[in-house]
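The values are calculated or read from the model by the stated rules, or taken from the named source; none is laboratory data. Because the structure is a prediction, the values reported are computed rather than measured. Ideal geometry is used to build each Cβ from the backbone, glycine not excepted, and the neighbour counts take in all protein chains shown. Surface areas here come from the heavy atoms of the whole protein model, side chains and all, with no ligands, DNA or RNA. Shrake-Rupley method; radii C 1.70, N 1.55, O 1.52, S 1.80 Å.
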Amino acid sequence: MDRRDLLRAAAALPLLRAAWPDKAFAQAYPARNITMIVPFPAGGQADLAARPVAMALERVLGKPVIVDNRAGGGGGSVGNAAAARAEPDGYTLLMTLSSLAVLPEADRLFDRPVAYEVSQFMPIARVLADPTLLAVPASAPWKTAQDFVEDARKRPGQITYGSSGPYGTLHVAMEMFANSAGIKLMHVPFRGAGPALTALLSGTVQAIAAAPGTLKPQVEDGKLRVLGNCGAQRIASFPDVPTFQELGYKDVEMYIWAGLFAQSSLPAPIAARLREAMAQVMTSPDVLKIFEASGSLVAYQDAPAFSVFVAADSARLIAAVKKIGKVE
């Protein structure tokens, strides 16, 4: 074969790949390790969702699934962007939170370059969907949410709260509550919910809004107290904690969901294989038991339902961010 024949053969390779039957194209998947990016440090809701799912996916797919905690950028933007840029071959997945849609809007709000767009992602499966809960140290003087609000009104801007980063889920939840209650709090951002929780336990900050699974062990150890629930209904793991809507804050509703995503241009047969695998994972008794013990019950949705859910929830959160405006 001469040089011209080689060049012609090379030029034809993409066409051959495109013409390859879908079934045959996916038969070899996965042929190597899969990376699951978590755009937060260990200890938060995304990490809580990722680790049991990764272990179970290994058993179903027959290849290691490596959790890569890639924090940075505030609210998970660095890890989300890295997953968006990855090759759409099924070997880089993303386990992320509801802040996925908020962060690009925050970039636009501040006239910053947008790190990624939600349209770059394909929803695979929802894993968890919990309301955020307002928690304070057990030693704090506030016994109820009303105690907290009354003190904050007397001392505007003096009560500190931690978050996973600007415009992350925890930040938006607290600002939504503060706006509804007519109070001013001081925001202290961290690189994830895990570090923010550590800061709360050490006394660096005085409050946090976080997921039930993140808070439950600390509450059971007598270290934290939960004052309010941002969901529309009370939850089984904290049945005595009232919702903010019950307390009169009707526009406070915020959930911290975790879901698995791939790139939007992922080949359909590989997406189908991942969806099949997640259907097995999310009905596994071992996985269900882990999440139940953590206080975060499985809230599985397959891709079609999850896509509808993401669109609706993202629209509500984007509206909340625009109402909050520019805050740090």
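Data for the structure
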| quantity | calculated |
| --- | --- |
| Accessible surface, 1.4 Å probe, highest first, among residues Asp251, Asp47 | Asp251, Asp47 |
| Share of carbon and sulfur in the accessible heavy-atom surface of segment 173-328 [1.4 Å probe, %] | 56 percent |
| Stokes-Einstein diffusion coefficient of segment 159-209, Kirkwood radius over Cα pairs, 37 °C, 0.692 mPa s, in µm²/s | 313 µm²/s |
| Accessible area (Å², per residue) of the chain, counting only protein heavy atoms and a probe of 1.4 Å | 43 Å² |
| Compactness of segment 75-138, expressed as Rg and Dmax over alpha-carbon positions, Å | 14.1, 47 |
| In Å, descending, principal axis extents of the Cα set of segment 273-328 | 44, 27, 15 |
| Rounded D (µm²/s) - segment 39-108, Kirkwood Rh over Cα pairs, Stokes-Einstein at 25 °C, 0.890 mPa s | 191 µm²/s |
| Cα gyration tensor of the chain - equivalent ellipsoid semi-axes, whole Å, descending | 40, 21, 16 |
| Globularity ratio of segment 115-260, using Cα Rg and 2.2 N^0.38 Å | 1.02 |
| Evaluated at q = 0.20 Å⁻¹: base-10 log I(q)/I(0), Debye formula over Cα of segment 172-328 | -1.44 |
| Trypsin sites (Lys or Arg not before Pro) lying in DSSP loop within segment 294-328, provided at most 16 other Cβ fall within 10 Å | Lys326 |
| Reach of Lys184 by Cα under 21 Å, taken over lysines that are not fewer than 8 positions away in the same chain | Lys143, Lys154, Lys250, Lys322, Lys323, Lys326 |
| Listed peptides 296-303, 199-206 by packing density, highest first (mean Cβ within 10 Å) | 296-303, 199-206 |
| Expected 222 nm ellipticity per residue - DSSP helices of 4 or more, -39500 (n - 2.57), all of the chain, to 500 | -13500 deg cm²/dmol |
| Column: log10 I(q)/I(0), Debye, Cα scatterers of segment 117-189, q = 0.20, 0.28 Å⁻¹ | -0.91, -1.48 |
| Cut-off under 5 Å, modelled amide H: who pairs with Asp68 long-range | Met36, Ile37, Val38 |
| Given charges at beta-carbon only (K, R positive; D, E negative), |dipole| of the chain in Debye | 420 debye |
| Net charge of neighbours whose Cβ lies under 10 Å from the Cβ of Thr214, counting Lys and Arg as +1 and Asp and Glu as -1 | -1 |
| For segment 67-197, alpha-carbon Rg over 2.2 N^0.38 Å | 1.20 |
| Per-residue HN-Hα couplings for segment 231-245 [Karplus 6.51, -1.76, 1.60; θ = phi - 60°; Hz; x = Gly/Pro] | x, 7, 9, 5, 10, 4, 6, 9, x, 8, 8, x, 7, 5, 5 |
